[in-house]
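Step one of this worksheet: look at the structure below.
No value in this document is a laboratory result; all are computed from the given coordinates. Computed from a predicted structure; not experimentally measured. FYI the Cβ positions are ideal-geometry reconstructions off the backbone, even for glycines, and counts take in every protein chain you see.
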Amino acid sequence: MERFARLFSQNRHWASTTQKQHPEFFNELSAQQHPDFLWIGCSDSRVPANQIVELAPGEVFVHRNIANVVDPADLNCGAVVQYAIDHLKVEHVLVVGHYGCGGVQAALCETSLGLADQWLERVDRVKQQHRECLKVLRDQKSQHDRLCELNVIEQVRNLCSMQVVLDAWARDQVVMVHGCIYGLEDGLIRDLGVSCKSSEEVEPHCAAAIAHLGEPHPSPGSSK
Ligand code: CO
């Protein structure tokens, strides 16, 4: 119980500190939200959307599930994407995977996690689809890293096939879809170079991103 009780004291501390720093913060946020970003990431506790990219409450709309899967048939994900695009008018949708993902590792090694196994069939499909490209990598760590990257790119492809995204593009609404991957070891997110802002870009950009996997991919704005 102590740990649970501590959450409330931490919360009071956060609320009062925030209020002191920005007296209008809660007033403004309680009236409306205008996030520029939708973040679709893994549920992993080590990959919290806001903190990693230093965004305050109100700046990023978030959907997370095990292994950052985008399944157009998943009502939960579909409702989040639709709300974000049609109502919040977010301009950037990020699919953010991460290295060291337990869900991806389970799919790679075919270990059972229980109920999540059914969910991870979606990652298993990515593995099957790219088995030739995974096979040439010698060690399991390299295969794991590559499957994490491929999973992001395939989830971007899935996202771009959703009717809500296609409809937005058809009416010239600005929606840029991106694929990124986060490193638990260095705290950095990297752009996988798969960004799409129209349906024509999806296949060529996904194919190019897959072809360039394994090469260095500096993030936009980095000094290198
Ligand atoms: Co994960």
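Remarks
- Once segment 135-145 is narrowed to residues that are buried (at least 19 other Cβ atoms within 10 Å of the Cβ) and of a type outside the set (Asp, Glu), the residue that is farthest from Gly102 (Cα to Cα) is Gln143.
- Restricting segment 177-210 to residues that are β-branched (Val, Ile, Thr) and not in a loop (DSSP other than H, G, I, E, B), the residue that is nearest to the chain's Cα centre (by Cα) is Ile181.
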